[in-house]
Amino acid sequence: MKSMAYVEFVIGSSFLQDLRIMLIGKTGAGKSASGNTILKGKMFKEKHDFESVPYTNTCQKHQQNGITVIDTPGKFDTDISEDQLKEEMEKCVNMSVPGPHVFLLVIRLDVRFTDEEKNTVKLILKNFGEMADDYTMVLFTRGDQLNKPIDKFLTENIQMNELVRQCKSRYHVFNNKNQKAKQVDELFEKMVKMMMENGREHYTNMMYMEAQKRQREEEERPSLKEENTIGLWGVVGVVIVILIVIAIVMVCLSEGKTADWKAQVGEARRPIIKKDKGIFFKC
Ligand SMILES: Nc1nc2c(ncn2[C@@H]2O[C@H](COP(=O)(O)OP(=O)(O)OP(=O)(O)O)[C@@H](O)[C@H]2O)c(=O)[nH]1
Ligand SMILES: [Mg+2]
């Protein structure tokens, strides 16, 4: 437990005079609700539990006391096409210029972290590139539904544990139904620590461009592979044809020899006809 003096130091810290946070995650994870908890107000619109389509379709930005929160549309299992979402994400990055200090990867604690969930999260992170890992912290929502200590929960959920480790073991738990200030102060404390570790640097637009470039290159790579496969099959085809030609030539040659041999043998095996014992061959 940190002393109150330390927490007060963090809250008053110059780090928090200009802090840019970007909320990312699947639809319904609780991004908008978390944005409201952080800014201590009802600034972002939250969706209702029964809605399956993303509530936040466009980037939203709100500021309070030097803290900027950028809310993003939920990824990716819904109506919005991949291209539309990428376009929107680019807008979100531009909205955060010169770039966010922290990506909060928002994850619901109360749903099983299946392979599908894992892949969605992978896609979200991939969109920002590996460099974003240094600036990412997992924010678990629905802490009100957690019935055990978070450490124990993570030990029992290998997939979530893995994700947290990928984010350099940075995580925090929010209960957005009870916007207690303490949970926000503790989050800021973790963010300040992270910013110190990152030398006060932030994620930049350049990093985003680089990540997008890499992604495009990766998408184009399968066709290169295909070309290579076609090339490989071409070589295999030529080799097969050569082998067939060689085989035919050898067969012809050996048939010529056989004919000679047959001729010789035919000569040698001329039937000997004996008058009294019929026909037999001389070996
Ligand atoms: N019980 C509980 N409900 C929460 C918590 N956080 C979010 N919710 C609820 O979960 C629902 C979805 O939250 P949103 O913040 O709208 O989710 P989102 O990630 O912004 O979703 P999209 O905008 O569609 O991408 C809302 O009904 C929230 O009230 C939490 O900590 N506890
Ligand atoms: Mg939202």
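The values are calculated or read from the model by the stated rules, or taken from the named source; none is laboratory data. As the structure is a prediction and not an experimental result, all values here were calculated from the model. Note that each Cβ is placed from the backbone with ideal geometry, even for glycine, and that neighbours are counted across all protein chains shown. For the accessible areas, the whole protein counts, side chains as well, though only heavy atoms, and no ligand, DNA or RNA atoms are used. Shrake-Rupley method; radii C 1.70, N 1.55, O 1.52, S 1.80 Å.
Return the distance in nm (one decimal) between the two label points of a simple spin-label model at Lys177 and Ser81, each offset 7 Å from Cα along Cα→Cβ.
Each label point lies 7 Å from its Cα, and together they span 3.9 nm.
In segment 71-154, carbon and sulfur make up what percent of the accessible area (probe 1.4 Å)?
Numbers: 1750 of 3760 Å².
It is 47 percent, rounded to a whole number.
At a probe size of 1.4 Å, how large is the accessible area of Val251, to the nearest 10 Å²?
It works out to around 80 Å².
So if each residue of separation counts as 0.36 nm, and I subtract the Cα-Cα distance between Arg112 and Lys126, what length gain in nm does that give?
On the way: separation 14, 0.36 × 14 = 5.04 nm, distance 2.16 nm.
Once the chain is fully extended between Arg112 and Lys126, it gains 2.9 nm.
Would you mind getting the accessible area per residue of segment 124-172, heavy atoms of the protein chains only, 1.4 Å probe, in Å²? If you can, show how the numbers build up before the last one.
Details: 2410 Å² over 49 residues.
Ligands and nucleic acids excluded, the result is 49 Å² per residue.
At 7 Å along Cα-to-Cβ for each site, give me the label-to-label distance between Val97 and Lys193 in nm.
Going from the Val97 label point to the Lys193 one covers 3.4 nm.
With an 8 Å cut-off on Cα pairs and a minimum separation of 6 or more residues, tell me the relative contact order of segment 1-210 in percent.
Details: 343 pairs, mean separation 51.0, N = 210.
24 percent.
On full extension of the chain, what length is gained from Ile248 through Asp185, given 0.36 nm per residue of separation minus the C-alpha to C-alpha distance?
On the way: separation 63, 0.36 × 63 = 22.68 nm, distance 8.37 nm.
Answer, rounded to one decimal: 14.3 nm.
In square angstrom, rounded to the nearest 10, how much accessible surface does Arg20 have for a 1.4 Å probe?
Arg20 exposes around 20 Å² with every protein chain in place.
When the dipole is taken about the Cα centre of segment 1-210, and only Lys, Arg (+1) and Asp, Glu (-1) are charged at their Cβ, what size is it in debye, to the nearest 20?
Values: 29 positive and 30 negative charges, 139 e Å.
Dipole of segment 1-210, to the nearest 20 debye: 660 debye.
Can you say what percent of the DSSP beta bridges in segment 1-210, counting only those with both residues inside, are antiparallel? Round to 5.
On the way: 5 of 25 bridges.
Roughly 20 percent of the DSSP beta bridges within segment 1-210 come out antiparallel.
Taking the simple approach of a point 7 Å from Cα along Cα-to-Cβ for both Arg216 and Asn157, what is their distance in nm?
3.7
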